[in-house]
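Trainee: Before anything else, here's the structure in question.
Values in this text are rule-based calculations from the coordinates and carry no lab data. The structure displayed is predicted, hence computed values, not measured ones. Here Cβ is always computed from backbone atoms with ideal geometry, including for glycine, and neighbour counts include all displayed protein chains.
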Amino acid sequence: MAKKSYRQAINEALAQEMRRDPTVIVMGEDNAGGLGAPGEDDAWGGVLGVTKGLMPEFGRERVLDTPISESSFIGAAAGAAATGLRPVAELMFVDFMGVCFDQIFNQAGKFRYMFGGKAVTPLVVRTMYGAGFRAASQHSQCLYPIFTHVPGLKVVLPSSPYEAKGLLIQAIRDDDPVIFLEHKVLYDDEEEVPDEPYTIPFGEANLTREGKDVTIVALGRMVKFANQVADGLETDGISCTVLDPRTTSPLDADSILESVEETGRLVVVDEASPRCNMATDISALVAEQAFGALKAPIRMVAPPHTPVPFAPELEDLYIPSPEKIGAAVREVMEHGA
Amino acid sequence: MAKKSYRQAINEALAQEMRRDPTVIVMGEDNAGGLGAPGEDDAWGGVLGVTKGLMPEFGRERVLDTPISESSFIGAAAGAAATGLRPVAELMFVDFMGVCFDQIFNQAGKFRYMFGGKAVTPLVVRTMYGAGFRAASQHSQCLYPIFTHVPGLKVVLPSSPYEAKGLLIQAIRDDDPVIFLEHKVLYDDEEEVPDEPYTIPFGEANLTREGKDVTIVALGRMVKFANQVADGLETDGISCTVLDPRTTSPLDADSILESVEETGRLVVVDEASPRCNMATDISALVAEQAFGALKAPIRMVAPPHTPVPFAPELEDLYIPSPEKIGAAVREVMEHGA
Amino acid sequence: MLQLNRDDLVQAYIRMRTIREFEERVHTEFAGGAIPGFVHLYAGEEASAVGVCMNLEDKDYIASTHRGHGHCIAKGCDVEAMMKEIYGRREGSCGGKGGSMHIADLSKGMMGANGIVGGGPPLVCGAALSAKTLKTGGVAIAFVGDGGSNQGTTLESYNLANVWNLPAVFVVEDNGYAESTASAWSVGGSQLKRAEAFGMPGREVDGHDFFAVYEAAKEAVDRARAGKGPSLLHVKLNRYYGHFEGDAMTYRADGEVEALRETVDSLAAFRARVTETGLLEGRQLDDIDREVAASIGQAVTAAMSAKAPGEEDLLTDVYVSY
Amino acid sequence: MLQLNRDDLVQAYIRMRTIREFEERVHTEFAGGAIPGFVHLYAGEEASAVGVCMNLEDKDYIASTHRGHGHCIAKGCDVEAMMKEIYGRREGSCGGKGGSMHIADLSKGMMGANGIVGGGPPLVCGAALSAKTLKTGGVAIAFVGDGGSNQGTTLESYNLANVWNLPAVFVVEDNGYAESTASAWSVGGSQLKRAEAFGMPGREVDGHDFFAVYEAAKEAVDRARAGKGPSLLHVKLNRYYGHFEGDAMTYRADGEVEALRETVDSLAAFRARVTETGLLEGRQLDDIDREVAASIGQAVTAAMSAKAPGEEDLLTDVYVSY
Ligand SMILES: Cc1ncc(C[n+]2csc(CCOP(=O)(O)OP(=O)(O)O)c2C)c(N)n1
Ligand SMILES: Cc1ncc(C[n+]2csc(CCOP(=O)(O)OP(=O)(O)O)c2C)c(N)n1
Ligand SMILES: [Mg+2]
Ligand SMILES: [Mg+2]
């Protein structure tokens, strides 16, 4: 076992699955790169180098570069998935879903239901999300609440390199369409990641920290923040559980409810825009099904209802910070000793 | 004042605004109809006749039929809005947003913010939503939670003919991009609607019924159901407030919170898919900000997490019914006398 | 005559007649209130679906449109199951969950009707990619309407199929209208120039002439199978009914449909051709007509008495694993 | 020489030089770590933006791409405000909220750079529709890259502009690459055939030749103004830098950029042409070079010392009314 970055973990998951199963293919803009160009082949390996090296090993027949035509190539991935391949298609930034959403939510996501349970669509859409790159309003969104809203899709938010590898292998082996969201700020994060392939099941939250006073449910990059905050609060005598749902659809409601039954307090941390987001989804779940256990109002920590700003100073204010998470925890601790 | 249908109310709002303001234009597939065809002009007036009669009065220069190219014509409406017109563009069924969402959420919805407050985009996208027409999975969705999630958009759900006229006139006069969602099952509903133009402000919930035991917040078509249910419960001695938020973005949080402060109980009825929907949004709001007033768990009434089925028997089971709303109210009444 | 033997011709006629009969019956039943939802009929366009699909095998895929019944029948879907689906029955092709606009049978290479105009072409690029990658020797066909030919998803797919050199064929069924809007107005340029613009051959075909469609499709399908890439067919034809059932069709000329039924009936044309050339006998065709009518009648009867899905079906079929 | 008088030529040169200087400076500043985010430079392509925009007035609109600085400058945006925006400052064109990819100035007819490839053409149809409906006499221009020319939104817009007969021009700036992918591979067919396919005239232009671009654009713009509908220009040119700052450009040939800078420098070509024909003097141009360099230097200095937006700006500018 060695330390690997989130980027490497994803790359390794892809390579190992492609070795294992010849029906796994990868496609996306510049996923290899250099097509038709005079210079180096595999010139890019994706815009941030995540798919680098796959093409030299698997060839252009299994690592397909595409024109800038997301509807047609994401749709092609959906059609290929329904007819015998297991495509992993890259939507470079999740912000671009607006030019191809139909193929994801009305086609891939509904085949099985509309066709009476007879279609199998093992499609993975890998996509980059999240703020922190000074990439402004059209390259920094989360948007996973939108995919979570849609029945028929599964939605995965790996929060670390270890999680990324196991969840991506699971996603590729899963027979349903999966939206796999990679936080761009995490690509260089490192941790121990096993060399051999392994899977992490969907719909099982990861208890990243056990505590007794407050349950913090955090998503994606926010898991790291939540654990940092919990470290700090520990010294102040506040003991936090930090749950990482890993997948927002399916959602491990049981683990969340059980934890709140124990702690009686809930803070939900979500980097997505605040309206109809996962923070509201999880809060509502608890307010309906674990109401009796609640000793304090639920607190949601999310960005303001604005697009993501460009200026670093503003973007830093926009993203839910450890400070804001800490303040929310302290607030709920003021209720019901 | 005369009885008018929801369809007529919308048509009248369009006609009156077009008379008042020459910059108001209407566009969409077959909004007049018959273009290039040998038969009657204004042959359709939209697929369900809502825009019928506008073209004969205002001409094809202000009532534009379009090719089936939603990205380009909804985008054109956005571009026209930013450059001097007040377009009302019809996205025939909201289910089709997947082929043009980018122009709505990344372009129109973000112009003002990305351009530092210097753009004004008075765009209205009229669109048909909702189940009940046996129109199956790709013609029956609600999807307003998705638009509500996006900062920069306003989202309107008229629940009756009176509401439709006033809210549409407001939408047209509003300087921000507005998604105006018409429930297809309501088109033939009738009620008294003033002949003269009037506006209903955004972000002000309509208290359609005042009660003391339970607050029911219901959206769109569900407002009617909620009031029916409340009628029935009255005879059993359960007194309900029924709030119609009218707009989900902006949301009249104050009215909802005040009402729950009084009743201590909340049922939210939402026809949209259950994950990250308006029921979760409103529940979470209350669980955070009126927690202390709550005497009972919040109950959400929403369809199951499945696409909309075709078979009438299934679709009827799918749609939140008055029975299910009634059961939810009785359930919350069992808590905290 | 071409590569078609007598059995093929019988098969082609059966399918065309089945489509016609199916649609005429659905029209009647819909008018009588027995069928819920939106229904778009293919009557009048039979020679296109059948002319194309007579070139295909089960391993070949097609993707259809909202006007899908004809394509389904031409590709070999079970007709009784289709009728049950349209009635919303549990034994329908999709368990009653899809209805007219979503009939599919992947085991027959039918990837689904589609409620989204322009939804099919990207999917067909995918099926063609599967065929190419898995070396099945298969091809994939997208049916698109004249209206759908203006959708960005369709146009992008032309390019993708070309740059990926896919075994795909785009069949633009130009029936003159998208809803009430004439293709003469909505289509800038021309379908054939669009084919050329993205680097593929295009051919215009009389969509009422089964033989013409068959032959043009054969050329395109053979080309695709040979690894030479996609093509486009611009099939000109007419629909006998409205855009959907309930359409008053006031945008059409007086007597337009009546005249079409007289002058451009692909079934009548087929019959004339095969009987005049002695390939098949009129009596044989009459027998087919009767048998098809009986089987469609039987399908309607079966559909009417079939069970609707119920509460136990409400939550199923969303995911393979939950 | 054409319709351009000496003042126009001076103006054109100033704009081209401003773009070049702006981009070279941004390149240096970015490398030094002063500029955050994604930055795509237009250096090498100056003659296209300026050749087109010299035909335009404030009432005419353009929509740009992710590679937007050149279009902004050519359309008359304030250069210092642009630089401040790229630095993320409160006094930037967009208050620091947009950054490089979202610079806009509607008062100058600049509808915005765009982070979405293919985002602009639909918007341009709208601006052209405004001009037509409000009878302003204006036209609207969409700049699109070779990569963006494959996006469905772009292709649909070609059709819409044609069937609506809009005063629009589509300028396809083909710099040979979309990121690291060559247009030689990604573009099936050809740009000119695409124009024809949707019913409009198309013309290929040498994008390093200001005069060629100006003249071709003039024809297209005049045609649009005269109510005769849209056109397409296929402008062939090269970018001097990577796709974005930080791109190692390994997909390019060794020495490719160096050679381009030698052989296809639109500024050098302009200078040669106007001095050889005696239209302007070298000294005049040298003066401009110096003045522009000074003003860009000043813009950078101003941007560096300008204030960043703060907490009070976080919630504003989302809606006109709340
Ligand atoms: C994306 C999308 N836009 C609009 C519609 C509504 N609609 C359904 S069929 C149709 C007309 C299609 O015309 P054409 O492609 O010519 O096919 P035809 O009906 O003539 O067979 C329209 C506009 C839709 N279903 N999907
Ligand atoms: C819808 C969408 N897809 C992909 C991208 C990522 N992307 C940004 S620029 C670019 C290449 C554009 O190439 P081209 O249109 O030729 O413009 P150029 O960069 O050469 O000026 C890509 C793929 C995007 N911004 N938007
Ligand atoms: Mg048609
Ligand atoms: Mg390019």
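Trainee: Cα-based Rg of the protein assembly as shown per 2.2 N^0.38 Å, rounded to two decimals?
Mentor: Working: Rg = 30.2 Å, N = 1318, 2.2 N^0.38 = 33.7 Å.
So the protein assembly as shown has a normalised radius of gyration of 0.90.
Trainee: Taking the Cα centre of the range C:192-322 as origin, sum charge times position over the Cβ atoms of Lys and Arg (+1) and Asp and Glu (-1), and report the length of that vector in debye to the nearest 20. Show your work: numbers first, answer last.
Mentor: Working: 16 positive and 24 negative charges, 141 e Å.
Using only the charged Cβ atoms, the result is roughly 680 debye.
Trainee: Same structure again: In whole angstrom, note down how far apart the Cα centers of the range D:98-174 and the range A:1-51 are.
Mentor: Cα centroid of the range D:98-174 versus Cα centroid of the range A:1-51: 34 Å apart.
Trainee: Mind checking which lysines have their Cα closer than 26 Å to the Cα of A:Lys295? Skip sequence neighbours fewer than 8 apart in that chain.
Mentor: Answer for A:Lys295, where 26 Å is the Cα cut-off: A:Lys212, A:Lys224, A:Lys324, B:Lys212, B:Lys295, listed by chain and number.
Trainee: A follow-up question, please. What distance in nm separates the two pseudo spin-label positions at A:Thr199 and C:Lys135, each 7 Å out from Cα along the beta-carbon direction?
Mentor: It is 2.8 nm.
Trainee: Would you compute the Debye intensity of the range D:1-99 from its alpha-carbon atoms alone, equal scatterers and no solvent, and pass along log10 I(q)/I(0) at q = 0.23 Å⁻¹ to two decimals?
Mentor: Evaluating at q = 0.23 Å⁻¹ gives log10 I(q)/I(0) of -1.25.
Trainee: Tally Lys and Arg at +1 and Asp and Glu at -1 over the other residues with C-beta under 12 Å from the C-beta of C:Arg203: what net charge comes out? Provide the component values of the computation, followed by the final result.
Mentor: Working: positive: C:Lys218, C:Arg223, C:Lys236; negative: C:Glu196, C:Glu204, C:Asp206, C:Glu215, C:Glu219.
Here the count lands on -2.
Trainee: So, counting K/R as plus one and D/E as minus one, what does the shell of residues with Cβ under 13 Å around D:Ala31 add up to? Don't skip to the answer; put the middle values down first.
Mentor: Working: positive: D:Arg25; negative: D:Glu23, D:Glu24, D:Glu29, D:Glu245, D:Asp247.
That works out to -4.
Trainee: Taking a point 7 Å out from Cα toward Cβ as the label site, list the nm distances between B:Glu331 and the same residue in every other copy, smallest first.
Mentor: 2.8
Trainee: To continue, here is another question. Can you give the convex hull volume per residue for the Cα atoms of the range A:3-192, as a whole number of Å³? List each step's numbers first, then the result.
Mentor: Numbers: hull volume 21.1 nm³, N = 190.
Dividing the Cα hull volume of the range A:3-192 by its residue count gives 111 Å³.
Trainee: Would you please classify the overall shape of the range C:163-268 from the alpha carbon gyration tensor, given that a ≥ b ≥ c denote the square roots of the eigenvalues, rounded means a/c under 1.5, and beyond that prolate means a/b larger than b/c while oblate covers the rest?
Mentor: Details: a/c = 2.86, a/b = 1.77, b/c = 1.61.
Prolate, because a/c is 1.5 or more and a/b exceeds b/c.
Trainee: What's the Kirkwood radius of the range D:98-164 in Å, using all Cα pairs?
Mentor: Working: mean 1/r = 0.0800 Å⁻¹.
It is 12.5 Å.
Trainee: Which is farthest toward the positive dipole end of chain C among C:Val300, C:Met83, C:His66, measuring Cα position about the Cα centre, with Cβ charges +1 (Lys, Arg) and -1 (Asp, Glu)?
Mentor: Farthest towards the positive pole: C:His66.
Trainee: Suppose R0 equals 22 Å. What FRET efficiency, 1/(1 + (r/R0)^6) with r the Cβ-Cβ distance, do B:Glu234 and B:Ser321 give to the nearest 0.05?
Mentor: Values: r = 19 Å, r/R0 = 0.84.
Efficiency for this residue pair is about 0.75.
Trainee: To confirm my reading of the symmetry, which residue of chain D has the Cβ nearest the axis that brings D onto C, and what whole-Å distance does it have?
Mentor: Residue of D nearest the axis onto C, distance in Å: D:Gly152, 1.
Trainee: Which whole number in µm²/s is D for chain D by Stokes-Einstein, with the Kirkwood Rh taken over Cα pairs at 10 °C and 1.306 mPa s?
Mentor: Values: Rh = 19.8 Å.
Estimated diffusion coefficient is 80 µm²/s.
Trainee: Considering the convex hull of the alpha carbon atoms of the range D:63-186, report its projected area averaged over all viewing directions, in nm², one decimal.
Mentor: For the range D:63-186, averaging the hull's shadow over all directions gives 7.8 nm².
Trainee: Taking +1 at the Cβ of each Lys and Arg and -1 at the Cβ of each Asp and Glu, which of B:Cys240, A:Ser160, C:Phe211 sits farthest along the dipole of the protein assembly as shown towards its positive end, judged by Cα position relative to the Cα centre?
Mentor: Final value for the positive-end residue is C:Phe211.
Trainee: At a 4.7 angstrom Cβ threshold, list every cysteine in chain C that has nobody to pair with, or say none.
Mentor: C:Cys53, C:Cys94, C:Cys125
Trainee: Among the listed pairs A:Lys4/A:Lys165; C:Lys59/C:Lys132; C:Lys236/D:Lys228, give every one whose C-alpha distance is greater than 18 Å.
Mentor: Values: A:Lys4/A:Lys165 10 Å; C:Lys59/C:Lys132 12 Å; C:Lys236/D:Lys228 29 Å.
Table pairs above 18 Å Cα-Cα are C:Lys236/D:Lys228.
Trainee: Related question: Run through the other copies and list how far each one's label point is from that of C:Ser321, in nm with one decimal, shortest first; the point sits 7 Å from Cα along Cα-Cβ.
Mentor: With the label placed 7 Å along Cα→Cβ, C:Ser321 yields 5.3 nm.
Trainee: List the residues whose amide H sits under 5 Å from the amide H of C:Val205, counting only those 5 or more places along or on another chain, with H placed 1.01 Å from N in the peptide plane.
Mentor: So C:Val205 has HN proximity to C:His234, C:Val235, C:Lys236.
Trainee: Straight distance only, please: which aspartates and glutamates reach the Cα of D:Lys193 with their own Cα at less than 16 Å, same-chain residues fewer than 8 apart left out?
Mentor: Partners within reach: C:Glu156, C:Glu196, D:Asp146, D:Glu156, D:Glu173, D:Asp174, D:Glu204.
Trainee: Still on this model: What number, in percent, do you get for the relative contact order of chain A if the mean sequence gap of Cα pairs under 8 Å and at least 6 apart is divided by its residue count?
Mentor: Working: 780 pairs, mean separation 52.7, N = 337.
16 percent.
Trainee: Using only Cα atoms and rounding to the nearest 10 degrees, what angle (0 to 90) does helix A:278-289 make with the longest principal axis of chain A?
Mentor: So the helix axis and the longest Cα principal axis differ by about 50 degrees.
Trainee: A further question follows. Express the relative contact order of the range B:206-334 as a whole percentage, based on alpha carbon pairs under 8 Å and six or more residues apart in sequence.
Mentor: On the way: 239 pairs, mean separation 35.9, N = 129.
Normalised by residue count, the contact order of the range B:206-334 is 28 percent.
Trainee: What number, in nm² with one decimal, is the all-direction average of the projected area of the convex hull of the alpha-carbon atoms of chain B?
Mentor: Details: hull surface 69.5 nm².
With every direction weighted equally, the projected area is 17.4 nm².
Trainee: Considering only DSSP states other than H, G, I, E and B, which GluC sites (Glu not before Pro) in the range B:241-337 qualify as loop sites with at most 12 other Cβ atoms within 10 Å? Working shown, then result.
Mentor: Details: sites: B:Glu258, B:Glu261, B:Glu262, B:Glu271, B:Glu288, B:Glu313, B:Glu315, B:Glu323, B:Glu331, B:Glu334; in loops: B:Glu271, B:Glu334.
Qualifying residues, ordered by number: B:Glu334.
Trainee: Still on this structure, please answer the following. Report, to two decimal places, the Cα Rg of the range B:200-272 normalised by 2.2 N^0.38 Å (N = number of residues).
Mentor: Rounded to two decimals, the normalised Rg is 1.02.
Trainee: If I take all pairs of Cα atoms in the range A:46-124, what percentage of them are more than 14 Å from each other?
Mentor: Numbers: 1983 of 3081 pairs.
Pairs farther apart than 14 Å: 64 percent.
Trainee: Which of A:Gly36, A:Pro320, A:Val217 sits farthest toward the positive end of the charge dipole of chain A, with +1 on the Cβ of Lys and Arg and -1 on the Cβ of Asp and Glu?
Mentor: Going by the charge dipole, the pick is A:Gly36.
Trainee: Taking 4 °C and 1.567 mPa s as the conditions, I'd like the Stokes-Einstein D for the range A:206-334 in µm²/s, using the Kirkwood hydrodynamic radius from alpha carbon pairs. Write out the running numbers ahead of the final one.
Mentor: Working: Rh = 14.4 Å.
In µm²/s, the coefficient rounds to 90.
Trainee: Further, regarding this structure: Simple spin-label model, 7 Å along Cα-to-Cβ: C:Glu258 to B:Glu190 in nm?
Mentor: The modelled label-to-label distance comes out at 3.5 nm.
Trainee: Rounding to the nearest 10 and keeping the result within 0 to 90°, find how far the Cα-based axis of helix A:322-333 lies from the longest principal axis of chain A.
Mentor: It works out to around 40 degrees.
Trainee: Where a Cα-Cα gap under 17 Å defines reach, which aspartates and glutamates qualify for A:Lys3, not counting those fewer than 8 residues away within the same chain?
Mentor: By straight Cα distance, A:Lys3 reaches A:Glu12, A:Glu163, A:Asp188, A:Asp189, A:Glu190, A:Glu191, A:Glu192, A:Asp195, A:Glu196.
Trainee: For chain D, calculate the relative contact order in percent as a whole number, restricting contacts to Cα pairs under 8 Å that are 6 or more residues apart.
Mentor: Details: 643 pairs, mean separation 71.0, N = 322.
Result for chain D is 22 percent.
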